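Enquirer: The structure follows.
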Amino acid sequence: MSTTAPTAQQVPTPETVPVRTRKRKHRRANPWGVVAWIAALGFFFPVFWMVLTAFKQEADAYSDPPKFSFTPTLDQFRAVFDTGVGVSLLNSAFATGVSTILVLLLGVPAAFALSLRPVRKTKDALFFFISTKMLPIVAAIIPLYVIVANIGLLDNIWALIILYTAMNLPIAVWMMRSFFLEVPGELLEAASMDGANLWTSVREVILPLVSPGIAATALICVIFSWNEFFFAVNLTAVQAQTIPVFLVGFITGEGLYWARLSAAATMAALPVVLVGWLAQNKLVRGLSFGAIK
């Protein structure tokens with residue numbers, strides 16, 4: 001009985017099999033990629049329409065059907081600046097920046113103590129932190145208003161800074177603790193054997209490793225503080241007015257000025273978008289920190 005040796009076309013080579021497999025996987029993943037792009041465009045379309053409306057005249061913004069072809073103008077942005085948006089932007093930036101710094105200064109050491117240097121009853125401390133987020137804000141606004149009024153901080157930006165710090169601190173502790181838990185404890189032991197004290201070990205070894213997590217935590221705190229409305233609208237009036245409260249001023253009894261409101265909303269969203277874009281590399285690493293060991 002004789003057998004014939006397979007020809008070169010019949011024997012699959014190692015070079016051709018992975019390529020064909022990758023092509024088949026790519027073809028199977030294509031429909032899901034299209035669905036993902038459609039969903040992303042659907043989520044982004046309101047933002048796109050807001051920015052587009054900001055460059056229209058009020059007559060074009062109210063047109064039915066909507067106009068996609070129009071002459072762009074900066075009149076709405078000029079009108080927003082004339083209404084004093086700069087003060088509200090500065091108030092929001094100051095309250096957001098200072099509260100985020102305070103949250104990191106308090107939350108990072110607390111998370112470190114609850115992870116790599118655990119204390120007694122760590123779970124009770126973590127539950128206490130997160131339990132402060134369980135109380136509805138509307139249930140606490142009356143006692144908070146009385147306290148703020150009695151200490152003379154009504155319409156004062158420092159009242160918002162204190163409240164934003166307390167609001168974001170539990171989230172920061174829980175987030176940073178999850179990042180610290182992914183750092184091997186042997187690194188601290190090795191650093192101490194080399195003669196480094198605790199502060200040097202944390203500064204030179206631990207913090208560089210968790211810097212993506214710190215960036216992600218900081219960005220979350222910035223977003224929450226920048227967008228916070230309930231405390232600001234109840235505890236401020238004119239001097240400490242933030243940008244979300246400023247946007248409400250465009251809702252008048254005469255109706256909504258859609259183009260001007262879109263211009264103000266675009267200016268309000270731009271700082272947070274820029275911060276997220278500048279920190280996108282560390283943000284992606286921070287959000288996926290610990291997902292793959």
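The values are calculated or read from the model by the stated rules, or taken from the named source; none is laboratory data. Please read these numbers as outputs of a predicted model, since none were measured by experiment. In this analysis, Cβ positions are derived from the backbone assuming ideal geometry, glycine residues included, and neighbour counts consider all displayed protein chains. Just so you know, the surface numbers come from the protein's heavy atoms only, side chains and all, with ligands and any DNA or RNA stripped out. Shrake-Rupley method; radii C 1.70, N 1.55, O 1.52, S 1.80 Å.
Enquirer: Scanning for something among the charged types (D, E, K, R) and open to solvent by 80 Å² or more (accessible area, probe 1.4 Å), does segment 221-237 turn up at least one residue?
Expert: No, segment 221-237 contains no residue that is among the charged types (D, E, K, R) and open to solvent by 80 Å² or more (accessible area, probe 1.4 Å).
Enquirer: A further question on this structure: Quick one: how many residues across segment 40-67 are over 16 Å from residue 264 (Cβ atoms) and in a loop (DSSP other than H, G, I, E, B)?
Expert: 6
Enquirer: Of the conditions (1) in contact with a Leu (Cβ under 8 Å, 6 or more places away or on another chain); (2) open to solvent by 90 Å² or more (accessible area, probe 1.4 Å), residue 107 fails just one. Which one is it?
Expert: Status for residue 107: all satisfied but (2).
Enquirer: Can you give me the ranges of the helices (runs of 4 or more DSSP H) entirely in segment 110-209 with at least 3 residues that are open to solvent by 50 Å² or more (accessible area, probe 1.4 Å)?
Expert: By residue number, 122-131, 137-150, 157-181, 186-193.
Enquirer: For segment 221-239, name all the residues that are of a type in the set (A, V, I, L, M, F, W, C), modelled with pLDDT of 90 or more and either within 21 Å of the chain's Cα centre (by Cα) or not in a helix (DSSP H, G or I) (or both).
Expert: Scanning segment 221-239 gives 221, 222, 223, 224, 226, 229, 230, 231, 232.
Enquirer: At pLDDT 90 or above, among the small types (Gly, Ala, Ser) and part of a helix (DSSP H, G or I): does that describe residue 86?
Expert: It is false that residue 86 is at pLDDT 90 or above, among the small types (Gly, Ala, Ser) and part of a helix (DSSP H, G or I).
Enquirer: Are there any pairs with C-beta distances below 9 angstrom linking a residue in segment 163-188 that is within 16 Å of residue 201 (Cβ to Cβ) to a residue that is loosely packed, with under 15 Cβ neighbours inside 10 Å and not β-branched (Val, Ile, Thr), with the two at least 6 apart or on different chains, and if so which?
Expert: Sorted first by the residue in segment 163-188, then by its partner, the pairs are 188/117; 188/198.
Enquirer: Checking residue 70 against (1) touching a Lys or Arg at 6+ places or on another chain (Cβ under 6 Å); (2) closer than 22 Å to residue 268 by Cβ; (3) part of a loop (DSSP other than H, G, I, E, B), only one condition comes out false. Which one?
Expert: Result: residue 70 fails condition (2) only.
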